[in-house]
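The values are calculated or read from the model by the stated rules, or taken from the named source; none is laboratory data. Just so it is clear, the structure is predicted and the values come from calculations on it, not from any experiment. The protein model used for the area step is the full one, side chains on, heavy atoms only, and it has no ligands, DNA or RNA in it. Shrake-Rupley method; radii C 1.70, N 1.55, O 1.52, S 1.80 Å.
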Amino acid sequence: MAALWRGCGRLLARRPGAAQALTAGALMGAGDVIAQQLVEQRGLHGHQCPRTLKMMGIGFCFVGPVVGSWYRILDWLIPGNTKVVAVKKVILDQGGFAPCFLGCFLAVTGAVNGLSVQDNCSKIQEDYMDALMTNYCVSSVAAPAPSPRP
């Protein structure tokens, strides 16, 4: 395990873009396995390997390079590591980048899954706001009213 960790560190130092792409692909593949096995409870025989491979490909070819590049740009735009700098980066990331990235992610996912341009646009229109609100942890379901104090 230590050798794997050192190898990852060397790859990150020499080729940060490749390391970010590999990491994103691995995490998205693992996320799909978790979704299929723990959430959907498909079992090993019902596991959709092509779906997992597609998610890994999206992570490797799209998410890793785009997000890695964005963070390099963000560090260039707002240098430093203070709390104020962190807040500025979060505001720019969540206010500007996240809405654009989410739309692109939905478009790429639809295309990889073979949707026509028209079907993909319809799917994006249907899913975008729910996905964005989930990203911001905003729910349309009202919070339960507090119970009255005795």
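Worth pointing out:
- Rolling a 1.4 Å probe across the protein heavy atoms gives the range 12-150 an accessible surface of 70 Å² per residue.
- Two-decimal log10 I(q)/I(0) for the chain, as the Debye equation yields it once each C-alpha is a single scatterer, q = 0.13, 0.14 Å⁻¹: -0.82, -0.93
- Of all accessible heavy-atom area on the chain, the percent that carbon and sulfur account for (1.4 Å): 68 percent
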